[in-house]
Protein chains: 2
Amino acid sequence: MTPGGGRGPGGRRDRPVGAPGAGHAPGGHRAAGRLTGVGVGPGDPELVTLKAVRVLREADVVFVPVSAGGEPGYAEQTVRTHVDRPVQRLEFVLGDDPSGRETSWAAAAGAVARAVEGGAWAAFATIGDPNLYSTFTYLARRLPPPVTVDTVPGITALQDLAARAGAVLAEGDQTLALLPFTAGPERLAAALDSFDTVVTYKGGRLLPQLRKVLADSGRLDQAVFGARLGLDGEQLGPLPDGPAPYLSTVITWRPA
Amino acid sequence: MTPGGGRGPGGRRDRPVGAPGAGHAPGGHRAAGRLTGVGVGPGDPELVTLKAVRVLREADVVFVPVSAGGEPGYAEQTVRTHVDRPVQRLEFVLGDDPSGRETSWAAAAGAVARAVEGGAWAAFATIGDPNLYSTFTYLARRLPPPVTVDTVPGITALQDLAARAGAVLAEGDQTLALLPFTAGPERLAAALDSFDTVVTYKGGRLLPQLRKVLADSGRLDQAVFGARLGLDGEQLGPLPDGPAPYLSTVITWRPA
């Protein structure tokens, strides 16, 4: 693998990986700078790892995402619970405007690149895990090639929902599928046909359609819904009838 | 839901869920006791959550699993890094002997039930996440009904492998399947046909068969293998030719 801001085929970043716990860039070469994507968990500030807290304290600069749409910065809340230092906000456009998203990613990448010029180490705090449906992926891909990128995993919303619902995700030889509802109702229906546990992200705004797919599969009564877990306005229980936040999670099990 | 040691259909435990962060059993009723399954992450002692460390320190008694087959206790290593107190070992039989496994689960459940009699709070440390292919599931199911069970999620091996490999698990509308290779090569082949990212657990002892399924799907070059991550003897890279530990993880991506 060669240094680079892009990814190789198949989802792998086409760049060297920093050794776990290494100080800055590998080999003592600091000029290119380093960005660490830090998963800060699903919302509950206590569901952050010791490594995440250490990196957020030791990095030269800490970035947090804020939504241009006015959504609260969950990642920033968790960071501020554990780290008493200034943080820099990077604005991201969510939703259905591709050009707006691209512009915000490019601007954020530019801000990070400037911050790590000369070999500094930047941390970017992101909810959940930085390698699973994370804004961090889009930011990292747009960095100039010499910047070293690595990540610290974080607890995901699906794990938090399982724990809060008193549910088992999978055991023994059971299988699990995870997909965003934005991949399409057909993809969800196919997963429900063949997987024991099926987890759906990002279905909040299309909840009536999601309910119908679950009902058609006979799994509506074998489902638990969660949104804003561990935060004000937490939703946890059966699928609600009304609208729900975009960042929602639904876990369904195969009927006995 | 009613209190009970069993699970309802669809993988949900058929028992009440303790409120997050609640001290002992909900409602101040302590006589029945409580067991908290604590995910301590994939091996690296720094990949444990603040909540896990708190629970391991505050619980009245801490249990850790040890393998009857002589495997090192990864969970115990992580506990001992952060908690300076006695821990009680519970022996579990792994492998292909169902009656041996059942006997060890029942004995472990008996030891936990005795420990929480009178309303005590026990923590059981488990590698990874207690709700994902965890020994904890089998232990919890065998507890007598009045014992309250809850869990603290933990970082999984698949998340750690992705981070160490510099890999993205999923982004945008991509889909992810997770299954143990013990579910059968046909299940893996089907998942490779229709999912963008496919993660396989427990394939170490059947690695030649696993290689063949990946090769047949055209994904062998789009795969990363990990075992003993963050521990002595860590394996990380392409699929090895030789045998590998049972607790191994393989991530594959769809070819570009």
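The values are calculated or read from the model by the stated rules, or taken from the named source; none is laboratory data. Quick caveat: nothing in here was measured; it's all calculated off a predicted structure. Neighbour counts run over all protein chains shown; Cβ positions are idealised from the backbone, glycine included.
Scan A:PRO3, A:PRO16, A:PRO9 and give me the residue that is at pLDDT below 70 and touching a Gly at 6+ places or on another chain (Cβ under 8 Å).
The match here is A:PRO16.
I'd like the residue in the range A:31-65 that is away from every other protein chain (no Cβ under 14 Å) and surrounded by fewer than 16 Cβ atoms within 10 Å (Cβ to Cβ) and, out of all such residues, is modelled with the highest pLDDT.
That would be A:ASP60.
Do you know which residues across the range A:186-240 are within 22 Å of the chain's Cα centre (by Cα), in a helix (DSSP H, G or I) and more than 9 Å from chain B (Cβ to nearest Cβ)?
A:LEU188, A:GLY204, A:ARG205, A:LEU206, A:LEU207, A:LEU210
Restricted to the range A:113-142, and to residues that are surrounded by 24 or more Cβ atoms within 10 Å (Cβ to Cβ) and among the aliphatic types (A, V, I, L, M), which residue is nearest to the other protein chains (Cβ to nearest Cβ)?
Once the filter is applied, the top-ranked residue is A:LEU132.
Take the range A:184-211 and flag every residue that is within 19 Å of A:ASP241 (Cβ to Cβ) and without any contact (Cβ under 8 Å) to a residue 24 or more places away in the chain.
A:PRO208 - this is the single residue of the range A:184-211 that is within 19 Å of A:ASP241 (Cβ to Cβ) and without any contact (Cβ under 8 Å) to a residue 24 or more places away in the chain.
Determine whether the range B:135-142 contains at least one residue that is small (Gly, Ala, Ser) and farther than 30 Å from A:VAL38 by Cβ.
Yes, that holds for at least one residue.
If you scan the range A:147-158, which residues turn out to be more than 8 Å from chain B (Cβ to nearest Cβ) and hydrophobic (A, V, I, L, M, F, W, C)?
A:VAL147, A:ALA157, A:LEU158
Hey, any hits in the range B:175-187 for a residue that's surrounded by fewer than 24 Cβ atoms within 10 Å (Cβ to Cβ), of a type in the set (Lys, Arg), at negative phi and outside the structural domain of B:ALA106 (by TED's automatic domain parsing)?
yes
Just one of B:LEU161, B:LEU169 is more than 7 Å from chain A (Cβ to nearest Cβ), surrounded by 16 or more Cβ atoms within 10 Å (Cβ to Cβ), touching a residue at least 40 places away in the same chain (Cβ under 8 Å) and closer than 30 Å to B:ALA223 by Cβ; which is it?
Every option except B:LEU161 fails the conditions.
Please determine whether any residue of the range B:94-106 is modelled with pLDDT under 90, outside any loop (DSSP other than H, G, I, E, B), among the polar types (S, T, N, Q) and within 30 Å of B:ALA177 (Cα to Cα).
Within the range B:94-106, not a single residue is modelled with pLDDT under 90, outside any loop (DSSP other than H, G, I, E, B), among the polar types (S, T, N, Q) and within 30 Å of B:ALA177 (Cα to Cα).
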